[in-house]
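J.: Sharing a structure here in structure tokens format.
The values are calculated or read from the model by the stated rules, or taken from the named source; none is laboratory data. Keep in mind it's a predicted model, so treat the numbers as computed, not measured. In this analysis, Cβ positions are derived from the backbone assuming ideal geometry, glycine residues included, and neighbour counts consider all displayed protein chains.
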Amino acid sequence: MTLRTKKDALLSAGESEEDKSRKHQKFPLPDRSMFVMGLETNAKWLHSVRHDNRPFHTKSEEERYMNGERISLTFRNIGTFLSADGAKIWGQGAIAKSAGVARDVVTDKGEVEKLIDWFGRENHQSDFDWQGVYGQGSDVVNFTQL
């Protein structure tokens, strides 16, 4: 697991122009391990499970497990629901908050691109305004339209 400070996190922390180098941290994660980040860490640090380009024979037994394959999953608790036919959406992450006022699922390319833009801003801004951006909700379900 690699952590790297977000660019704007350094500026908001009062770093001088000469001292703006981004900090890096690496954590070896054995098979079946879990790395849990809190909200403050997620706000200030980029995170990734990076590909290891070293020759396979130079890696430890743990690094060679399952041919060195890796997976990174993100879990979020967002109570958003779809109707049985998949046409209507409501809940915490949607615009309509209850089933009684459920709205049509959105497949508009512009709306899909807007949601992807929000994800990018969240990942790169340490001062990301969750409520201001996600608070309005989105009725986009997937990105297969792109």
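J.: For the stretch 65-91, enumerate the residues that are over 22 Å from the mean Cα position of the chain (by Cα) and within 18 Å of LYS26 (Cα to Cα).
T.: The one that is over 22 Å from the mean Cα position of the chain (by Cα) and within 18 Å of LYS26 (Cα to Cα): GLY68.
J.: Which one is nearest to VAL133 (Cα to Cα) among residues in the stretch 50-61 that are over 22 Å from the mean Cα position of the chain (by Cα) and loosely packed, with under 11 Cβ neighbours inside 10 Å?
T.: ASN53
J.: Sticking with this structure for a sec: Looking at the structure I just gave you, is ASP117 outside any loop (DSSP other than H, G, I, E, B), at pLDDT 85 or above and either surrounded by 14 or more Cβ atoms within 10 Å (Cβ to Cβ) or outside the structural domain of MET37 (by TED's automatic domain parsing) (or both)?
T.: Criteria met by ASP117.
J.: List pairs: first in the stretch 1-30 and aromatic (Phe, Trp, Tyr), second at pLDDT 85 or above and surrounded by 11 or more Cβ atoms within 10 Å (Cβ to Cβ), Cβ under 9 Å, 6+ apart or cross-chain?
T.: If the second residue must be at pLDDT 85 or above and surrounded by 11 or more Cβ atoms within 10 Å (Cβ to Cβ), the pairs left are PHE27/MET1; PHE27/THR2; PHE27/LEU3; PHE27/PHE35.
J.: If I filter the stretch 19-39 for residues that are closer than 25 Å to ASP127 by Cβ, modelled with pLDDT under 90, over 20 Å from the mean Cα position of the chain (by Cα) and not in a loop (DSSP other than H, G, I, E, B), do I get at least one hit?
T.: Yes, there is a match, as at least one residue in the stretch 19-39 is closer than 25 Å to ASP127 by Cβ, modelled with pLDDT under 90, over 20 Å from the mean Cα position of the chain (by Cα) and not in a loop (DSSP other than H, G, I, E, B).
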